[in-house]
Structure formats: structure tokens, C-alpha cells
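The values are calculated or read from the model by the stated rules, or taken from the named source; none is laboratory data. This is a predicted model, so every value here is computed, not measured. So basically every Cβ, Gly included, is an ideal-geometry build from the backbone, and we count neighbours across all protein chains shown.
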């Protein structure tokens, strides 16, 4: 099942003809129930600037004005000195607003075409694209102005019209081409706000939006203070209890209760800056407690990571694996020394930290452990991962060359075979030796 949106009113266009005797003409462009959005095209023949009114056809309600807007089309001037053909597009958008979108002047020109270019005529050369007629707006006969309506949904005017062409190769045929020129359109909407009033309304809207944003941010900061009070109070007696002294716990608890009472009394409707300052005041007391807890939770994994780096690089430097044999002994010793230094530093800091209670500020920070691990990795990796030098290319042994042979040492027939037998370059074949054969004596027969 398909549902189509239709416009609930009828919209017409009205215009005055060039002749002074004729009354204004009117035609319904978008009838009641017309699908939206929609575009219609109208064609006018005019010699100078003219106006088109957009009218509301159904004006039974006294509060609805008939005239919606007026569009002035022009100025324009036809190059041939006759009435110009103007194509006007009217749009009904999805919001139900009717507007004259554009006006274009169409002029036909004859263009000379070389004979070779027209030797082959396309099959569709004489076909013209036509707009599917949506609204028939023909004027009565005898008037000088005409308006033709067509749907503008994807329809286009043919820009080229092929004139009859003589197939004789001696004559040069001509083509008609449509020249399009945009015509200015001025809009006047009745009942709309002026430019000054519109500018004031925009400024007022901006101010209201700014106020809404400030109120929203103020509300968020107030909620942040309230959430911190409840969250910190619960954690002080749970996971933060070992990381704060009894005196500090009581002091902070009293401070949290004071802020909570203030939120529901004097601080009910304060500014954003007041809530931000109140939250910072609470975090100055609760921040160190949170930091000590976070350091304790993250210190163990950080120490294990540094110890793994020390162990890995030391084993690589002391390894007899062939993949490390190209590294110089002095370079390997640098890696061992660096690992020993990091290990000593970690051992001393860890002893200091183990001697402190959880509620004291830490002596071994997680950030320091990570920096030490990064420095060790950066120093040792450049040595351990040094690539092997490329092997030197081996030169092949010199080939044994035999001494040149003298003509006496050459085999029989080699000299004769190497000399040309004739000027033509043919080689002389050695003469075959005659062999004595025992032939029967005819006298004995």
C-alpha cells in the first residue's frame, strides 16, 4: 500500500497581459490534492518586465488573504526584437510553500554545421523532448499572451532542434540551437517580516539559545557536585578507608555533609561558576586520597613490566645465540650495565615504598616506573636489534686459459677449413681421394 501526500489547498497564478484592454488572467497551477513536493513549468511570451501573483483560490476563511506573494520577472531583452519566450518554474515544496524558482529566456539560433559533421544523421535527430502536460493553461484566442503548463519533475526542454537538411554534399546545412538566459526574479511575500525585523528576531533567538545552553551547563555542574558528595562519602568507608587517616576521614565527611546541606538550601539556584568552585574545593581534599588508591592499584603491574624488560634485555646480552654473535662485546656490556642500574633503582624505591603505610604519599610513583621502562627499552633495543652486516660478495676464481695453438699443432684440415675458398665467402671442401678398385680385366674375359 502506497501513501501519497497531497496539498490541501488550491494555488493559482495571475498575471496581466501586454495589452491594456485585457483583464488579468488566472489559472490554477496546484489544484487541491496535488502531490507534494511538485514543480510546474509555465511558458510566457512577453516583450518587457511583468509581474505574476500567487493566489490562494479558496478564501472562505476571512483570516486567510487571497494574495500570497508577487514575483516581478525582468528586465530582459530579446535579441530579435520580438516577444521573448520565457520559461518559469514554480515549486511547491514539502512544507507547502509556493515559490517562483527561476525564469529563463529561450532564444533559437541557427548555427552553420560543416558538411562532414552532418554526413551521418542520428536516428533521434528530429525527435524533440516534450514535457508531459500536467495543467492545460491555454488563453482564449485573440490574446497576445500565452502560458503553457507542464510538469517540471525531471522534464527538460529540447535545446537543439534539427532543421530539415539537404543530403546534397554541396550545400551546408544549418542547425537550430536554443540559447538559455537567466532572467532576474524579485520576490515580495505579503505578511512576511521585514529585513530589520527578521534580523532582530534572529538575534533574539540566538540570545535565547545561549541562555538555554548556560542553564543546561549550570545544571550539569550542580549534578556533578551532588554526585561527588554521595560517591566520595561511600568510598571513604569502603575501598578508600585504608588510604586516609581517621582525622582526615572525619574532616572530609563533615565537609561533604556541609556541601550537601548547602545544595538544598542556599545553593539551590546558583550560577555555573559557583558550582565549579565548590567542586574544586572538595577535590582538593579528596583528590590525594583517590591518587593514593590509584597508585596502589597500578603499581604492581608497572613493576612487573619493568622487571620483564630488565630480564629480557639481560638474557639477550648474555645469550650465545647465533643471532646475537655479530654484536660487539662492549655493546652487550652496555646493555648489562643499563639493566643492572634499572634493577638497582627499582629495588631501592620498592624498599622505600614498602616501609610506608597506605595512607602516606607514595615514594614510588607509577609514572616514574613507566618512564624508567621506556628509557631502558629505548637504550637496549637499539643495540639488541642491530641487524647483521651484509656478507661480502665472493669473487669467482680466474678461469684457466689454454695457450694459443700454432698452425703445426692444429689438426689436419683445420687450416684449410679456416681459409675462404673464393671471394664469395664459400668454403672449399677438401677433394675426395680416389680409391683403387679391382676391376675385372676385359681381356681375361
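Some points to look at:
- Residue in the stretch 257-264 that is assigned by TED's automatic domain parsing to the domain that holds residue 233 and not in a helix (DSSP H, G or I) present: yes
- Every residue from the stretch 182-223 that is surrounded by 11 or more Cβ atoms within 10 Å (Cβ to Cβ), at pLDDT 90 or above and not in a helix (DSSP H, G or I): 183, 184, 185, 186
- Condition check for residue 3: more than 25 Å from residue 192 (Cα to Cα) and at pLDDT below 90: yes
- For residue 42, the requirement of being within 42 Å of the chain's Cα centre (by Cα) and in a strand (DSSP E or B) is met.
- Any hit, the stretch 336-354, residues being surrounded by 11 or more Cβ atoms within 10 Å (Cβ to Cβ), more than 18 Å from residue 377 (Cβ to Cβ) and touching a residue at least 60 places away in the same chain (Cβ under 8 Å): no
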